[in-house]
Amino acid sequence: QVQLVESGGGLVQAGGSLRLSCVASGRTLSRDTMAWFRQAQGKEREFVAFIRWGSGNRYYADSVKGRFTISRDNAKNTVYLQMNSLNSEDTAVYYCAVTGLVLPPISHRAIDYWGQGTQVTVSS
């Protein structure tokens, strides 16, 4: 079992930045993928980014490439999502997630563990 605790959501102006954090606990992460998803009101949950816990390899959805950066701190069992140049289309509930070494694109249906979600609202 893995428990995920997220923080960092909030209200930000368009063009601004925000950093989300997700702390994992319950077991040691090894051959795992930690990912961020988001779900806007009335829409399906969509993939944002992932990082391979062991290798550090990263992958991003086209919509956030060049603006978002996913990173990890192995010692703290924490994954981050640095979000820059935010716009109204980024408004959503953001979820941290853990799965195995699945190939991208990662569907939300493949996720083993979810965080509780944190709201990000970008004002226009």
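The values are calculated or read from the model by the stated rules, or taken from the named source; none is laboratory data. Since the structure is predicted, the reported quantities are computational estimates derived from the model, not experimental observations. Heads up, the Cβs are rebuilt from the backbone with ideal geometry, glycines too, and the neighbour counts pull from every protein chain shown. All accessible areas refer to the heavy atoms of the entire protein, side chains included, with ligands and DNA or RNA removed. Shrake-Rupley method; radii C 1.70, N 1.55, O 1.52, S 1.80 Å.
Some points to look at:
- Remark: the range 68-80, residue by residue, has Karplus-estimated 3J(HN,Hα) of 10, 9, 9, 8, 9, 10, 4, 5, 9, 6, 10, 10, 10 Hz, where x stands for each Gly or Pro and the curve is 6.51 cos²θ - 1.76 cosθ + 1.60 at θ = phi - 60°.
- Placing +1 on each Lys and Arg Cβ and -1 on each Asp and Glu Cβ, with no other charges, gives the chain a dipole about its Cα centre of roughly 260 debye.
- Computed from phi, the 3J(HN,Hα) profile of the range 34-40 under the Karplus parametrisation 6.51, -1.76, 1.60 (θ = phi - 60°) reads 9, 9, 10, 10, 9, 9, 7 Hz, with x in place of Gly and Pro.
- Per residue, the chain exposes 51 Å² of solvent-accessible protein surface, assessed with a 1.4 angstrom probe and all protein chains in place.
- Per-peptide average of other Cβ atoms within 10 Å, ordering 83-90, 55-62 highest first: 83-90, 55-62
- Per-residue packing, averaged as other Cβ atoms within 10 Å, sorts the ranges 108-116, 20-28 into the order 20-28, 108-116, beginning with the highest.
- Heavy-atom accessible surface of the range 1-113: percent carbon and sulfur, 1.4 Å: 45
- Using equal-weight Cα scatterers in the Debye expression, the normalised intensity of the chain in log10 at q = 0.15, 0.19 Å⁻¹ is -0.60, -0.98.
- Rounded to 5, the percent of DSSP beta bridges in the chain classed as antiparallel: 90
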